[in-house]
Amino acid sequence: MAAFSGHTFQSHHGSTEQIKRLQLEIQENIRMLADVKRKRLCTEEEMIRCRAETVRRVNLMIEKGDVVDELVKLGRLLQEEKHLSEQLNEQDSVERNQHNDLQERREHITKKAESLAAEIREVKEQLLEIKARNMAAQALIQAPAEKSKRNQNKPK
């Protein structure tokens, strides 16, 4: 009998632990079920609010159809204006680039013209110096020739 009662105690003790574990699992499942029900209720309430808001907006759009049409037209006009503005900005960019290119070319040509003008001035100065030397040389050449002519014309 002692063996029988020991066996009964172990199986009873094991059953008690199993029962407690199952009770805890049941309580956890009940909490989880309550949480799911609460979330479901919140979701259903949110869906009801969303449906009501959708109905309200549809009714408002129906009532204000011409205003909605005008807003749609305005939206299209704003998109077109944005597109045109982007095109204008692109054109402005191209024109700025062209202007910058022309400005650079103008500056290059101006520098080249100034350089050529300086060269021309230098060449003129050189020509004037050469002319002055030539005139001086001719004067030197003519002076002895005139002297010799005078000497030839003088009676002896």
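Summary table below
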{"item": "Fully extended contour minus Cα-Cα distance, from L33 to R76, at 0.36 nm per residue", "result": "10.4 nm"}
{"item": "Evaluated at q = 0.13, 0.20, 0.26 Å⁻¹: base-10 log I(q)/I(0), Debye formula over Cα of segment 38-112", "result": "-0.70, -0.90, -1.05"}
{"item": "Proximal charge balance of L88 [Cβ under 11 Å; K/R count +1, D/E count -1]", "result": "-4"}
{"item": "14 Å beta-carbon shell around L102, net charge (K/R +1, D/E -1)", "result": "-1"}
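Read the figures in this text as sums done on the coordinates, not as results from a lab. Quantities reported herein were computed from a predicted structural model and do not represent experimental measurements. Cβ coordinates were reconstructed from backbone atoms using ideal geometry, including for glycine residues, and neighbour counts include every protein chain displayed.
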